Every structure is written in structure tokens, then in C-alpha cells.
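Please read the structure below before turning to the comments.
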Amino acid sequence: MPKKKSSPDWSYAAAPESTPVNISKRYDHFIGGKWTAPSNTKYFSTTNPATGKKLSEVAEGSEADVDAAVKAARAAYNGAWGKMSGRERGKYIYRIARLIQERAREFAIIETMDGGKPIRESRDVDIPLAANHFFYYAGWADKLDYAFPNQKVTSLGVAGQVIPWNFPFLMAAWKLAPALATGNTVVLKPAETTPLTALKLAELIADAGLPDGVVNIVTGAGETGAAIVNHPDVNKVAFTGSTAVGKLIQKSVAHTEKKLTLELGGKAANIILEDAAIDQAVEGIVNGIYFNQGHVCCAGSRLFVQENVFDEVMWKLKRRMDTLIVGDPLDKNTDVGAINSKGQLKTIQRYIKAGVKDGAEMYQPSCSLPEKGNWCPPTVFTNVAQSSIIAQEEIFGPVLAVQTFRTVPEVIEKANNTPYGLSAGVWTDKGARMFQITTNLQAGVVWGNTFNKFDPTSPFGGFKESGYGREGGLHGLGAYLNLEI
Ligand code: NAP
Ligand code: MG
């Protein structure tokens, strides 16, 4: 009798990224082109969420530090940068873009170490997109009069920018590139848990030879952000973060002349019709909510499946979830990395418990999770009531809430039944249905037969509690300019 073959092991060998990177033990603020110690002499640690190990310590920004940064930005605005032609400004921005490309691997590794996202995402998505943003806006710097014909175009002055931890480097690029192209100067604060790539960007900006004070990076937590927003000499506030903080900021600038753009939370609907290419749609669901641990403002966290393909979609989705690799974010095979912070992990776990308590049915693949660090397996809930907390609130983790529908009007109503309106996705083979649904969804971005795709030329932003103003494209330029007829 032939000997029975043991089943082959299809798992991938570990492929960790091993390029050495240079992270200093301590970082000061980057103010007026110089590394500047915090006035209160305080520093705080930033850790690797996949290991719990400290990576570095960074300065805690006080009101005095923010004031120094705004003064440096004002001096640069009144000085070299404000007087420079758009053509010259463009050259600096092109240089930043090229330097990012040259140092892309280093940035990708540090982004992954500080934030926990898989190296595949930071290497293939975040860093290249950030470079593209700088390239795109560099091209506009000397063409502002063409961008807004028959209007008088002037810069605003000093922009105060506050960004979150889920796309630390990409959000810095989204903020800096249009502000610089339009001739403004900047004070930017990265999130407390992910300050390192913004600080490395400060190094790169110094290498690019930008005049001192054009870009200032101040690190710190919420109070530092509030000090930037409330500084009387800031002309424009650009914020990306939670709806709760966005509302606070809106109130605090209400009595001022500051211009404001808010990119806030989301609860995107991903809609699968019966005639969709199901395998492709399942990949879109996985990309929409599981890659990047669901730490995406436009994550497809609500899935609506037409009733007659529900069984097929769920069977295929669960099989695909079983193959997802959760673990070391520096491993090139990893699909789902570490949850950014202990606090965020607790929030996600609280929502998962609430979903179970609400009577929804939960499925998690039986993957083994590393012992140290912050981890959450990909999770899907079916039988979710529209009123359930997991269908209503932003979870910001790898947790999907699935509902079914029978008719197109029904799914449009259900998808719009949320306080948010940032993004959505529709999967169908029929163009007419695609347009019928996409034109009726209250969402700033709607993807057709794809999900989570970004392009610097395309405006991005929300409706309702997802904020207002647009970043990207021509719209993104307008947000940093005074336009007079
Ligand atoms: P968050 O708590 O609102 O924090 C965002 C940033 O604001 C951080 O730098 C934070 O500092 C700072 N901050 C906190 N309180 C502040 C205050 N009172 N005044 C000024 N700044 C303050 O948001 P998060 O939890 O870090 O980020 C996740 C949220 O961002 C999600 O809701 C997500 O949907 C949203 N988001 C939206 C987009 C978009 O484009 N629409 C993109 C990415 C993320 P700390 O360092 O202390 O956190
Ligand atoms: Mg960190």
C-alpha cells in the first residue's frame, strides 16, 4: 500500500523587513529650522504597539512651545517664503517629494514600527501616496492663477494642522503639500502615539533646504493640539481626527476669522448587489475593513448584502478571513497588524462585547495572536439590528457589521441612516444601478467595484458629522487660499 502523504504546509515562511533604520533616543520640537528642547523640559515615550517596546521619547509641547512655533512660522511667512515666487516654492516641494521617494523604505519601516500597520501597507500605499501628494501640489505652485481663473489668489498666512495616528505620514503630506504650494507656512502636530515619521519628515525638510520656519513640527497630546488651534496668530486650522474633537475645535474657532477644514469620523456602507462579482467584492470587503486593522476613517465597517447572495458572500468572506495573517507588522506577509494603542484595543473590545450583548452573531477565525503587543482578530457580526451600537458608532478596528437588504431604495435608506457621511462602496455589474445608488448616497467618496483607493488629484472629505472642506485635488488648494473676484 502506498504510504499516506502528510498534507502539505501552505503557510508562508516569515519574511520580516530587516533594513536597519535610524531612530534617535530623543526628539525635540522642530521650530524655526532648529531642534528645540521643550520649554517645560518634559518628554513622553512612543512605543511599538506590536512589541510594547519603547522606540524613542519626544518633546511635550506647551503653550510656550506652540507660541514659539507660530512666531517662527509668521517670521517665515513675512520673510523668505512669503516673498518667494510660486515657481521657486514648487522646486522645494518637488525636492521634498523626491527625497521621500529616495528614503521611502526607511519611512515605511518607521511608520510600521511606531503605528503597528503592516509593512505592505506603509510600503505600497502610505509612503508612495505621500510622495505623490507632494509631486501633485508642487505642480500647482506656479499655476494658482490658472487653477482659479478670474480670481485674485492670495495665501492665508500661518496654518495650524493637527493629525491622527492612523495615517501619520500620509496625513502630514495631505496637510503640508497644499499649504506649501499655496505659499502658507505651517505648525503641525502629529498624534501622541505616532510622532516619529513627522519628525523624520522634519529632518528631510531641513535636508531639502526649506527656509527656516516654513514648516514647524511640535509634538504633544490633545492640549498641544488645542494650543495650536487657539493661538491668535493662526489663520487657518486643518484638523483630521474624531468627530468629538472636531466639534470642540469648531466651537473654539467660531468667534474668530480662522478658516477651518475638518476631516472627521466615518461609518462607511459597503453595498453588495446580487449581480456583483462576488469574489472581487469579498476582496474589497477585506481590503475595506481588515487590512490596516480597520484603523481607517473611511473603512467599510457596515456591509449591506442583497438577501439572495448573503449565504454565498458570507461563506466566501469567512473562508477568506481564515487565511488572513495577523501578527508581526514588519513581516511582508502580514495582512492585519497591531492595534495602535492599548486604549484603542480596549475600545474595540468594548464594542465587540456590546455587539454580542445586542444579540448579533460573531465570527472570528481561529488565528494565533502574538503574546506581547495589542492584537484583535478580524471580526464579523451578522444578524445586526440597524439600531445596534455596532451598526451606528465608529469602532475604528477590524470589526464588520453585516446587514441584508432586498431592494435598492431600502439599501439607500439604510446606508444613509448614520450621522456620518465620509465614504461608501457599491458592487454591481450594472452601470445604471451603480449610478442610481452612488448618486443617492450621502458620502463624500463613493467607490464603484473597488474600495479604499486614493489619488492626490481627487478631493476627499465628508458630509454631515464627517466634517467639511476637502483635501486633495483643486478643492484642497482652495482651502488654503483667499479667493477674491
Ligand atoms: P482624536 O482623538 O480626535 O485626535 C486627533 C488629533 O487631535 C491628535 O493629534 C490628538 O492629539 C489631537 N487632539 C486631541 N484633543 C484635541 C483638542 N482638544 N484640540 C486639538 N487637538 C486635539 O482622533 P484619534 O482618535 O486620534 O483618531 C481617530 C479618528 O480620526 C477617527 O474618528 C477617524 O475616523 C478620524 N480620521 C478621519 C480621517 C478623515 O480624513 N476624515 C482620517 C483619519 C482619521 P493626541 O496626540 O492626544 O491624540
Ligand atoms: Mg507609537
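The values are calculated or read from the model by the stated rules, or taken from the named source; none is laboratory data. Predicted model, so just to flag it, every value in this text is computed and none were measured. Methodologically, a virtual Cβ is constructed for each residue, glycine included, from the backbone with ideal geometry; neighbour enumeration extends over all protein chains shown. Areas reflect the complete protein model, heavy atoms only, side chains present, ligands, DNA and RNA absent. Shrake-Rupley method; radii C 1.70, N 1.55, O 1.52, S 1.80 Å.
Being within 25 Å of LEU144 (Cα to Cα) and touching a residue at least 40 places away in the same chain (Cβ under 8 Å) is the requirement here; does ALA479 meet it? Walk me through it before giving the result.
Values: within 25 Å of LEU144 (Cα to Cα): yes; touching a residue at least 40 places away in the same chain (Cβ under 8 Å): yes.
When the stated conditions are applied, ALA479 passes them.
Here ARG95 meets each of (1) in contact (Cβ under 8 Å) with a residue 24 or more places away in the chain; (2) open to solvent by 40 Å² or more (accessible area, probe 1.4 Å); (3) over 25 Å from the mean Cα position of the chain (by Cα) with one exception, condition (3). Scanning the stretch 168-192 for residues that are crowded, with 24+ Cβ neighbours inside 10 Å and charged (D, E, K, R), we see that the one that is nearest to ligand 2 (Cβ to nearest atom) is LYS189.
Of all residues assigned to the stretch 359-374, none qualifies as being open to solvent by less than 30 Å² (accessible area, probe 1.4 Å), outside any loop (DSSP other than H, G, I, E, B) and at pLDDT 95 or above.
Quick grid of which residues meet (1) away from ligand 2 (no atom under 16 Å from the Cβ); (2) among the aliphatic types (A, V, I, L, M):
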site	(1), (2)
SER24	no, no
HIS29	yes, no
PRO38	yes, no
GLU63	yes, no
ALA72	yes, yes
ASN78	yes, no
MET84	yes, yes
ALA97	yes, yes
ARG103	yes, no
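Checking every residue in the stretch 425-432 against the condition of being in a helix (DSSP H, G or I), open to solvent by 30 Å² or more (accessible area, probe 1.4 Å), over 15 Å from VAL305 (Cα atoms) and in the same structural domain as ALA391 (by TED's automatic domain parsing) gives at least one match. Within the stretch 212-226, if we keep just the residues that are open to solvent by 10 Å² or more (accessible area, probe 1.4 Å) and closer than 24 Å to GLY115 by Cβ, the residue that is nearest to ligand 2 (Cβ to nearest atom) turns out to be ALA221.
Residues checked against (1) more than 21 Å from THR193 (Cα to Cα); (2) in contact with a His (Cβ under 7 Å, 6 or more places away or on another chain); (3) within 16 Å of ligand 1 (Cβ to nearest atom):
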position: TRP35; (1), (2), (3): no, no, no
position: ALA50; (1), (2), (3): no, no, no
position: VAL66; (1), (2), (3): no, yes, yes
position: LYS83; (1), (2), (3): yes, no, no
position: GLU88; (1), (2), (3): yes, no, no
position: ASN132; (1), (2), (3): yes, no, no
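At least 2 residues being of a type in the set (Ser, Thr, Tyr) is the threshold, and among the strands (runs of 3 or more DSSP E) wholly inside the stretch 110-229 those reaching it are 152-155.
Here PRO168 passes the criteria (1) more than 23 Å from ASN235 (Cβ to Cβ); (2) of a type outside the set (Ser, Thr, Tyr); (3) within 16 Å of ligand 1 (Cβ to nearest atom); (4) in contact (Cβ under 8 Å) with a residue 60 or more places away in the chain except the one numbered (4).
Condition first: among the β-branched types (Val, Ile, Thr), over 18 Å from VAL158 (Cβ atoms) and surrounded by 13 or more Cβ atoms within 10 Å (Cβ to Cβ). Can you find one or more residues in the stretch 21-33 that meet it? Yes, the stretch 21-33 has at least one match. For GLY209, the conditions (1) open to solvent by 20 Å² or more (accessible area, probe 1.4 Å); (2) within 20 Å of LEU262 (Cβ to Cβ) all hold with the exception of (2).
ASP124 falls short on exactly one of the conditions (1) open to solvent by 20 Å² or more (accessible area, probe 1.4 Å); (2) free of Cβ contacts under 8 Å to residues at least 60 places away in the same chain; (3) farther than 17 Å from VAL296 by Cα, and that condition is (3).
I'm trying to understand the selection: among the residues of the stretch 394-421, which are buried (at least 18 other Cβ atoms within 10 Å of the Cβ) and assigned to a loop (DSSP other than H, G, I, E, B)?
Restricting attention to the stretch 394-421, the residues satisfying the condition of being buried (at least 18 other Cβ atoms within 10 Å of the Cβ) are 394-405, 411-412, 414-415, 418, 420-421.
The answer is GLU394, ILE395, PHE396, GLY397, PRO398, THR418, TYR420, GLY421.
Among the conditions (1) outside any helix (DSSP H, G or I); (2) under 15 Å from ALA269 (Cβ atoms), LYS453 misses just one, which is (2).
Evaluating ASP275 against the criteria (1) over 19 Å from the mean Cα position of the chain (by Cα); (2) part of a helix (DSSP H, G or I); (3) over 30 Å from LYS34 (Cα atoms) leaves one unmet condition, (2).
Mind listing just one residue for me: the one in the stretch 193-206 that is open to solvent by less than 10 Å² (accessible area, probe 1.4 Å) and hydrophobic (A, V, I, L, M, F, W, C) and, of those, nearest to ligand 1 (Cβ to nearest atom)?
Step one: list which residues in the stretch 193-206 are open to solvent by less than 10 Å² (accessible area, probe 1.4 Å), which gives 194-202, 204-205.
Those left that are additionally hydrophobic (A, V, I, L, M, F, W, C): 196, 198-199, 201-202, 204-205.
Values: LEU196: 13, ALA198: 10, LEU199: 14, LEU201: 15, ALA202: 16, LEU204: 20, ILE205: 19 Å.
Taking the candidates together, the pick is ALA198.
Anything in the stretch 105-161 that is among the acidic types (Asp, Glu) and either within 16 Å of ligand 2 (Cβ to nearest atom) or in contact with a strand residue (DSSP E or B) (Cβ under 8 Å, 6 or more places away or on another chain) (or both)? List them, or say none.
Of the stretch 105-161, the ones among the acidic types (Asp, Glu) are 106, 111, 114, 121, 124, 126, 142, 145.
Matches in the stretch 105-161: GLU111, ASP114, GLU121, ASP126, ASP145.
Note on the stretch 235-291: residues that are more than 9 Å from ligand 1 (Cβ to nearest atom), open to solvent by 20 Å² or more (accessible area, probe 1.4 Å) and more than 19 Å from LEU170 (Cα to Cα) amount to 17.
Output the residues belonging to the stretch 295-342 that are assigned to a strand (DSSP E or B) and away from ligand 1 (no atom under 16 Å from the Cβ). Spell out how you get there, then give the answer.
Going through the stretch 295-342, the residues assigned to a strand (DSSP E or B) turn out to be 302-306, 326, 331, 336.
Those that are assigned to a strand (DSSP E or B) and away from ligand 1 (no atom under 16 Å from the Cβ): LEU303, PHE304, VAL305, GLN306, VAL326, ASP331, VAL336.
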